[in-house]
Every structure is written in structure tokens, then in C-alpha cells.
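The values are calculated or read from the model by the stated rules, or taken from the named source; none is laboratory data. Since this is a predicted model, take the numbers as computed values, not measurements. Positions of Cβ are generated from backbone atoms using ideal geometry, with glycine treated the same way; all protein chains shown enter the neighbour counts. The area values use the complete protein model at the heavy-atom level, side chains included, leaving out ligands, DNA and RNA. Shrake-Rupley method; radii C 1.70, N 1.55, O 1.52, S 1.80 Å.
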Amino acid sequence: MGLFTRYAMDALMKTSHPEVIRRQCWNLHPHRTPCTACKDICPYGDAIFTRPNLVKDWDPCTDCGLCVSACRSGCIVPSPEQVQRDTSLADTDNDTLWLGCEKSTRKNTAVRACVASFSWETLAYLALNKKLVLDLTPCGECENDVCAAQLRKELTRLVEFLGPQLFESRVTLAYEQDEAPYHVQELSRREMFSHMTEGSRAGTKKLLQMLPGLRSEEDSAADFRLMLHQRTKQLKAASETPLRYGWYLPNFTQKCFGCGKCEKACRSGALKLEDMPDGQTRVVVTPWKCSECGVCVAACSNSGIDGMKLRQLTTLGPVSVYKCSKTLCADCGKPIAPNSSEGICSVCRIKRRTKQRQEEAAARARERIAEREARKAAEEAAKAAAAELAAENAANASGAAAAETAAAPVSAAPATAAATAVSVAKTTSAPEKD
């Protein structure tokens, strides 16, 4: 065994189960109701998932692919074995493929745990390469309502993608045992070698795509959609009248002003905002990268995206879906709504209001400080005036007391002299009586 073959086989054998890209999960984005589709549809959901997007143990996994087809945001990546197993059916010799489940008694080209394990992207890719016969004979007696609902969802989406006419011509739903029986196409020697050569080339190309170092995490999450995109390009180049395929894309409204929240929320990189030379901004969506999860709708806070709308496209490559003229914030330069008051965004408006309130509070504080200082100065002036008045009164009182003291001896001298004269007179008159 060569080094390249050994490395390729080791890389493929290491991952025999799906992988979960948690950052793309619907539950990690703004939403109203949590998604539990992967855990509900998995036969060993309680043993594998502790909660949606968080795996406890992959050992019970049988790589049936039900969780891959049920995941609404495409965060569950199919294993390389599943990709090789499902897409290699397009390289078979027969021009018709019979797909059935394990409960079917018919002979089928591919047998899975449930027909719902084939995602609609896989069925569309196979239908554009071969005619399909879906063996649905056991579905009438099946008691698994979750798988039945998922199968109806996948077939409805397949009809929307291919269109009713192309669906009827390429896909047959077999509900009876004798309906669309299995048969083997007889090939000539030349046709057999041609199929072998084409199958070898296609297998080598897919093997190279599945090597770990040659594909990114985003592309690995969209293996089926990428091959579907390549097949539609081949059909468009080979036909004069290209076919149209239905794909759900975000429906932008006039309320969109190019804020970029949807671009940041799209983890698969399907949605981009591009600035054009004329000053406008256009929204470009790459359908084959878009998983139709609706995270961009949930992330828009201005009602700029009115749900997902089914569009008829001739190619799954980048397509412009909306154009708008940006109105930038006067303070920070970010896009704002055209009818925004004051010409600024909500963040800058809050900053302005906060700054204004802080300035008003500082002005009120300065006024209170000035009032306290004026009141303190008035109180000190009043105290000083009272002290001066008290000093003046004290001085007046002391002056009055001194004047009274000085006037008291002068007024007492005549009285003393009169008393002395009376006493002398009495003394001189006393001997005369004797």
C-alpha cells in the first residue's frame, strides 16, 4: 500500500460518524424556540446527545445520517464515509437508482435505516444524474412519526427545488411492491469501460476533496450542496435552455439599510455585503453555501428581512438579492436607518444622552457648590457683623459705666459738707443749754 493511499484510508477511517460544528447551531443564535431535531430523530438520541449540539458519546452511532438531514442549520457535518456512500451512487452503471429502507422486502440499489436519511440535497444531486425510485412500501406500516414527518419535509423541499415537471420525470415514488420494479441495465463492453474510467476519475476527485488538509470546515459542512452546485453548472453549460431550481433565500425589504448584522450572524459565509463604486451597497448570497436556517432573519433587529423566500435560480453561485444606499452615523460612521433622528446611530445617541446627562449633573453639582459657598460666606459675614455689633455694644456699655463712676463723687461733696455743718452746729449749741 502506497503512502498516499495509506494516508487517505487513515483519514477516512478516523471519522465514521458525523461531526457537530457548534458555532453554526441554531440554538446559539437569537431564536424564539430551541431546536431539538437531531436528538429527537436519532435512534440513540439520549445516549449520544446530552443536549442538542453537545455530544456525549459517538460510540452508539451507526452513521445512518438521520441527524444530518434533520439539522436545520447544517451544523452537523456528514462523515466522509456517508458522503462517499451516498454520492457514489451517481457513478453506477444503471440509469435508475432504487433507494429503500431496511424494512423493505424489495430489491434496491441502496438500503438505509430510513429513506429520510437521504437529505434533499443528496436526492437532488442523484436525481440530476440518474432517475430515482424511492421505495416507500414500508412507510404505511411504520410507526416512527418523526421519520415520516422528516421524509415529507425532504420530499416537499425536493419538489420545490426541481419543480413539479422535473420531479415527475426524474423521481418515482413506489408505494406498491410491483411498482417500478428493480432491473439491471445491460451494457456493452465499450460502455462498461467508459463507466469504469469515469467512475475512477470521479472517485479520485472525491477522495481528494475529503482529505482533511484540502477542505475547510465550512465546505465540509456543505459537501452535498457543493456537488449539487457543480452538477447544476455542468447542466447549464450543456443545455441551451438552462433549468431553474428553487432555493430559499433571505427576502430583504426596504427597511434594510446595510447594518451588517445578518452577515455577522451567518456562520457559513453565505451572505456578504459589498460596497459598489456608485456608493450603493448590495447583498450577495451564495445559495449552495446557504443552509436555509433563517439565522439571518432572527438576527435582524430592524425587520429588514421578511423571512425566507423561494427563488427560481439558474445557478447556485453568488447572486445579488438587494441594493441600498447607506446612511452613515455622523459620530461613528456606521450605517444607520435613513429616517434616523439626529443623524446618528442608537449607540451614539445613548452616548450623547449619557454625556449630556453627565454635563447637566456636573452643572447642577457646580451650582450646588456655589450655593453652599455663598451660604457659607453669608453666614460668616453675618457672624462677623454680629461680632462687630457685640463689640460695639460692649464698648458703649463700658463707656457709660466709666462716666457714671466719674460723676458719683462730685454730687456727694455738697451733701457731706452739709452734714458736717449740721454736726458742728449741734456741738456748739449743746453747752449753752447747760
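My understanding is that a pair violates if its Cα-Cα distance is over 18 Å; which of 261/355; 272/351; 255/334 do that in this structure? List each step's numbers first, then the result.
Numbers: 261/355 27 Å; 272/351 29 Å; 255/334 16 Å.
Exceeds cut-off: 261/355; 272/351.
Of the cross-linked pairs 131/264; 107/153; 107/233, which ones have a Cα-Cα span greater than 31 Å in the structure shown?
Details: 131/264 40 Å; 107/153 25 Å; 107/233 33 Å.
Result: 131/264; 107/233 exceed 31 Å.
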- Message: Please give the Cα centre distance for segment 312-388 versus segment 132-178, rounded to the nearest Å.
- Response: 61 Å
- Take peptides 258-267, 290-299, 334-343 and line them up by average Cβ neighbours within 10 Å, highest first, as a rough protection proxy. 290-299, 258-267, 334-343
- Task: Above 18 angstrom, tally the Cα pairs of segment 244-325 and express them as a % of all pairs, no decimals.
- Result: 35 percent
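Hey, with R₀ at 25 Å, roughly what FRET efficiency would residue 244 and residue 131 work out to, going by the Cβ-Cβ distance, to 0.05?
Numbers: r = 20 Å, r/R0 = 0.80.
Efficiency computed from Cβ-Cβ geometry: 0.80.
Quick one: if the Förster radius is 41 Å, what FRET efficiency do residue 278 and residue 57 give, using the C-beta to C-beta distance and rounding to 0.05? All intermediate terms of the calculation are to be shown ahead of the outcome.
Details: r = 56 Å, r/R0 = 1.36.
With a Förster radius of 41 Å, E is 0.15.
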- residue 356 versus residue 148: modelled label distance in nm, points set 7 Å from Cα along the beta carbon direction: 6.2 nm
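Taking all protein chains in place and a 1.4 Å probe, what share, in percent, of the accessible surface of segment 244-325 do carbon and sulfur account for? Present the calculation step by step, with values, prior to reporting the outcome.
On the way: 1710 of 3780 Å².
Heavy-atom surface of segment 244-325 belonging to carbon and sulfur, 1.4 Å probe: 45 percent.
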- Query: Stretched out fully, how many nm does the piece from residue 105 to residue 235 gain, at 0.36 nm a residue minus the Cα gap?
  - Reply: 43.3 nm
- With a Förster radius of 25 Å, plug the Cβ-Cβ distance of residue 330 and residue 364 into 1/(1 + (r/R0)^6) and report the FRET value to the nearest 0.05. 0.35
